[in-house]
Amino acid sequence: MQQEVPSSFSSFSSSSSPPSPQHCLLPLTHLDTAAQCGSETSAEVEENHEVRLEIIPTMRSIVVFYMCYLLCLGLGVACVACVCVWNSQWRGGFAWDGSALQFNWHPVLMVTGLVVVYGMGAVLYRIPLTWGENKLPWKILHAVLMLAALILSILGLCAVFDFHNAKSIPNLYSLHSWIGIATAALFATQWVVGVAGFLLPCSPVSLRKLLKPAHVWMGGIIMLLSIAACISGINEKLFFSLKGNTNGSLPYSSSPPEALYANSLGVLIVAFGLIVLKILSNQQWQHPDSRQQSTVYTPLLHEEN
């Protein structure tokens, strides 16, 4: 008994000419049809289809994202609270008079701005609630968060420079200061280029497509440099402050409570940064515009053997 051939394939068998591209614009779910339309085998098409399905977010993926996001938010609040308690409890509090109390603003402002606010602004586009058609409000919010982080960082730099100048202490002589000033400079450049390339109406689409990969990559680099600057700064402060003296304070090597507390702050900063980088590196949590080529139909053109 002759097997009935579906009408969609009868036109292919009745003509010796290769199928037209219009017949080949098929969804990737029709694997057998797509394989006959092009030079790719059914196994190759199926493999490509599976790769595309892997980056389409599922409900489970979205739930995992929100868990990571809440963890990131909690770690950020903990970082800000801990650095404030450290400088008020053990370092004497805050002032803006050129004294050591003014220096205490430096770690608070840098951790808050260059790490926490920056990190939360970086993962803003990964939140599914921002995946609507109108991206302009979220772009503005992203720029505002980054501007707030930049302003806090600049104030933190002003605090330490004023303190050094008042006490005749040299500026920018340590590795920590080199990393910190380089991070702030890159951050400022990133913000200016981002606003010019993505927010100004006159910026062409081709320029935005060119800038986007570099913008995302540089954002991750700034996050890593911010963590390195904060960790080295905490360690440097502990070495300078906990030297041990006659009034009963213990040196850093003896692990006094302040040293353990500040080291714990460093661990929180690293954990926060790792969660941010995890969110940024997951393809399933990218904005749909970044995954557009993975979900559209793929034209499979026929090649004669």
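Hydrodynamic radius of the range 95-236 by the Kirkwood approach over all distinct alpha-carbon pairs: 16.2 Å. Surface listing: GLU258, GLU236, GLU133 arranged by accessible area from highest to lowest gives GLU133, GLU236, GLU258, probe 1.4 Å.
Roughly speaking, to the nearest percent, how much of the range 67-303's 1.4 Å accessible area is carbon and sulfur?
Carbon and sulfur atoms account for 70 percent of the accessible area of the range 67-303.
Ordering VAL83, VAL193 by accessible surface, largest first, gives VAL193, VAL83; the 1.4 Å probe counts only protein heavy atoms, with every chain in place. Taken over the alpha carbons of the range 67-303 as equal point scatterers, the Debye sum produces base-10 log I(q)/I(0) values at 0.16, 0.17 Å⁻¹ of -1.14, -1.25.
Remark: the range 98-237 carries 48 Å² of accessible area per residue (probe radius 1.4 Å; ligands, DNA and RNA excluded).
The values are calculated or read from the model by the stated rules, or taken from the named source; none is laboratory data. Because the structure is predicted, anything quoted here is derived from the model rather than measured. All accessible areas refer to the heavy atoms of the entire protein, side chains included, with ligands and DNA or RNA removed. Shrake-Rupley method; radii C 1.70, N 1.55, O 1.52, S 1.80 Å.
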